[in-house]
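> Take a look at this one; I'll ask things after.
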Amino acid sequence: MNLPLLLNSLIVSSLTTLLAGAMGFLVALALGTCESRVRKLLLLAAVIALVLPPFLVTNCWLELLGNNGAWRGWLPLNIYSLGGTVWLLTLLTWPLTTLLTLSAWSRLEAPQLEADSMIRGWPLIRGLLWPMARGAVGQAAVLTFVLALNNFAVPVILQVRVFPEELWLAFTTRLDEAGAWAAAWPLMVAPALGLLLLRRANVSWPNRDGAVSGEIFRRQLGRGWFLGCAVVTVLLLLLSVALPLQQLAASSRTWTELPNLFRAAPDTIWNSFAFAAATASLCVVIGLVSWRLRIGLLLWLPFLVPGVLLGRSMIALFKGTPVYGTATLVVLAFALRYLALAWTAIAHARSAVDRDVVDAARVSGASGWPLFRRIVWPQIASQVAAAWYVTYLLCLWDVETLVLIYPPGGETLALRIFNLLHYGHNAQVNAMCVTLLALAVAPLAAWSAWRGWMSGRRMTQ
């Protein structure tokens, strides 16, 4: 085992966990003070920050603080460092703490805040808000630590030596497969321990309208804490969401390169969409069929281990079979890695179906497919669609799982971006990022168009 690289990985993961946890908690406090409409917008922005492609954020900061970055003249910070890696991973993971903390505060009631009007600011946080959120913050810390420890793309692009990069080099450059597997145990033990710690965790989605009135929360929190948390929230959203998207759109060369991309790499664009859509559909089907099985905890292990290890496992498993070296292997690997998300969402949706309505339909003679289509599906359709979409997005951005197993002619936009970022082709990278974001928005646009067409059709009938 290379101990210095493991130490680097532990330092990066620990600092990312501390920084993302502190910032995410402050953002949660700020969102608690907001009224319904603003809270929904900020929650949406936090989710966008969580699901943005890591290479989009990385490319933005390379243009700002790289060797010839636009900000290097007055902000001489080296992005190619452990500190730069921690900073980028923090920008990508802070929403985990925010979302889980808000879900814990969904049990908060107005009388708890108003019981003693003199308990404000830090005493309120220390005596009430922190005890309620402590478990959720711990869950977020475990997830953040494991995801940062196993992150591959950001450290490799920033040329920071960490353990996942060492495994990738061992597999691809030194061809030391036995040594790579022997040294990989920390990256497999960490997710396993994390799952054991989270096995009884009860995680729910934060209430979009807030547990208590934003006015009450803001009054009890105090003006100083409110302003401080608001400043942190605005800065985080600007740096993790607005700045990458603005830089992407403001570069004229981005739009100049788009036609060249469509002419030169139509197959790459199609591969990105096809792999992601096929995987998301497969995960949804598996979730609908197997949601009763008690396999939820086990499914999270492939999601938390490094994608490089998962890809190499797929090679060992399917080598010599007709699936090896085909797009089918890619879809199977993606499905194995991201099935936990879709399966968990569908299992929760199915368990929340109104049993009285289902029983009444069965008494009336409904069964099988008609029962599912007319009674069950309307109750779970929105959750299933959300599960499909999240899985689709994660497959669009995936590099780690794909880098060892993509077939001839099976390169995706994400993989090409990852390769080009090592050589500074910023305009081409920006054009591909725009195309990827367009692919990400395409299902939402198609869904909105279909709903509009159906609505218009009902009005004409």
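The values are calculated or read from the model by the stated rules, or taken from the named source; none is laboratory data. Bear in mind the structure is a predicted one, so any value in this text is a computation, not a measurement. Every residue, glycine among them, receives a Cβ derived from its backbone with ideal geometry; neighbour counts consider all protein chains shown.
> Among the residues of the stretch 208-259, which ones are farther than 15 Å from Asn430 by Cα, in a helix (DSSP H, G or I) and among the acidic types (Asp, Glu)?
Within the stretch 208-259, just Glu215 meets the criteria.
> Just one of Leu336, Leu297, Leu341, Leu293 is under 25 Å from Thr268 (Cα atoms) and aliphatic (A, V, I, L, M); which is it?
Details: Leu297 fails: under 25 Å from Thr268 (Cα atoms); Leu341 fails: under 25 Å from Thr268 (Cα atoms); Leu293 fails: under 25 Å from Thr268 (Cα atoms).
Being under 25 Å from Thr268 (Cα atoms) and aliphatic (A, V, I, L, M) holds for just one of Leu336, Leu297, Leu341, Leu293, which is Leu336.
> So, in the stretch 219-272, of the ones that are charged (D, E, K, R) and out of contact with any Gly (no Cβ under 8 Å at 6 or more places or on another chain), which residue ends up surrounded by the most Cβ atoms within 10 Å (Cβ to Cβ)? Before you say what the answer is, go through the steps one by one.
Pass one, the stretch 219-272, residues charged (D, E, K, R): 219, 223, 253, 257, 263, 267.
After this cut, where a residue has to be out of contact with any Gly (no Cβ under 8 Å at 6 or more places or on another chain) as well, the list is 219, 223, 253, 257, 263.
Values: Arg219: 16, Arg223: 11, Arg253: 12, Glu257: 22, Arg263: 8.
Selected residue: Glu257.
> Residue by residue through the stretch 328-346, note down the ones that are crowded, with 17+ Cβ neighbours inside 10 Å and over 11 Å from Ala387 (Cα atoms).
Of the residues in the stretch 328-346, the ones crowded, with 17+ Cβ neighbours inside 10 Å are 329-346.
If the condition is that a residue be crowded, with 17+ Cβ neighbours inside 10 Å and over 11 Å from Ala387 (Cα atoms), then Leu329, Val330, Val331, Leu332, Ala333, Phe334, Ala335, Leu336, Arg337 are the ones that fit.
> If you scan the stretch 22-38, which residues turn out to be assigned to a helix (DSSP H, G or I) and either at pLDDT below 85 or more than 17 Å from Trp94 (Cα to Cα) (or both)? Quick ask: steps written out before the conclusion?
Going residue by residue through the stretch 22-38, those that are assigned to a helix (DSSP H, G or I) are 22-32, 36-38.
Passing the criteria: Ser36, Arg37, Val38.
> While we're here: Specify the residue that is modelled with the lowest pLDDT; the eligible residues are those in the stretch 92-134 that are polar (S, T, N, Q) and buried (at least 19 other Cβ atoms within 10 Å of the Cβ).
Start the filter on the stretch 92-134 by keeping residues that are polar (S, T, N, Q), which leaves 93, 97-98, 101, 103, 106, 112, 117.
Checking the rest, the ones that are also buried (at least 19 other Cβ atoms within 10 Å of the Cβ) come to 93, 97-98, 101, 103.
Numbers: Thr93: 93, Thr97: 94, Thr98: 93, Thr101: 91, Ser103: 84.
That would be Ser103.
> Out of (1) at pLDDT 90 or above; (2) under 29 Å from Val441 (Cα atoms); (3) touching a helix residue (DSSP H, G or I) at 6+ places or on another chain (Cβ under 6 Å), what's the single condition that is false for Met314?
(2)
> For the stretch 273-289: of the residues being surrounded by fewer than 24 Cβ atoms within 10 Å (Cβ to Cβ) and of a type outside the set (A, V, I, L, M), which is farthest from Leu415 (Cα to Cα)? Can you show your working first?
So in the stretch 273-289, the residues surrounded by fewer than 24 Cβ atoms within 10 Å (Cβ to Cβ) come out as 273-274, 277-278, 281-282, 284-286, 288-289.
Then drop every residue that is not of a type outside the set (A, V, I, L, M), which leaves 273, 281.
Working: Phe273: 13, Ser281: 22 Å.
Among residues in the stretch 273-289 that are surrounded by fewer than 24 Cβ atoms within 10 Å (Cβ to Cβ) and of a type outside the set (A, V, I, L, M), the one farthest from Leu415 (Cα to Cα) is Ser281.
> Looking for whichever is over 15 Å from the mean Cα position of the chain (by Cα), under 25 Å from Ile269 (Cα atoms) and of a type outside the set (S, T, N, Q) here; the options are Glu400, Glu411. Which one fits? Walk me through how you get there before you give the answer.
Numbers: Glu400 fails: over 15 Å from the mean Cα position of the chain (by Cα).
Going through Glu400, Glu411 in turn, the sole match is Glu411.
> Within the stretch 35-57, does at least one residue satisfy the condition of being of a type in the set (Phe, Trp, Tyr), closer than 28 Å to Leu436 by Cβ and under 21 Å from the mean Cα position of the chain (by Cα)? Please lay out each step first, then the result.
Taking the stretch 35-57 and keeping what is of a type in the set (Phe, Trp, Tyr), we get 55.
Keeping just the survivors that are closer than 28 Å to Leu436 by Cβ gives 55.
Applying the additional criterion that residues be under 21 Å from the mean Cα position of the chain (by Cα) yields 55.
Scanning the stretch 35-57 turns up at least one residue that is of a type in the set (Phe, Trp, Tyr), closer than 28 Å to Leu436 by Cβ and under 21 Å from the mean Cα position of the chain (by Cα).
> Still on this structure: Would you say Ile380 is aliphatic (A, V, I, L, M) and under 19 Å from Val308 (Cβ atoms)?
Details: aliphatic (A, V, I, L, M): yes; under 19 Å from Val308 (Cβ atoms): no.
No; evaluated as a whole, the condition is false for this residue.
> Select, from Leu75, Leu82, Leu89, the only residue that is surrounded by fewer than 22 Cβ atoms within 10 Å (Cβ to Cβ) and under 28 Å from Val189 (Cβ atoms). Step through it out loud before you land on a result.
Details: Leu75 fails: under 28 Å from Val189 (Cβ atoms); Leu89 fails: surrounded by fewer than 22 Cβ atoms within 10 Å (Cβ to Cβ).
Only one candidate qualifies: Leu82.
> Residues Asn150, Asn68: which one is polar (S, T, N, Q) and within 18 Å of the chain's Cα centre (by Cα)? Don't jump to the end; show me each part of the working.
Numbers: Asn68 fails: within 18 Å of the chain's Cα centre (by Cα).
Within the list Asn150, Asn68, the selection yields Asn150.
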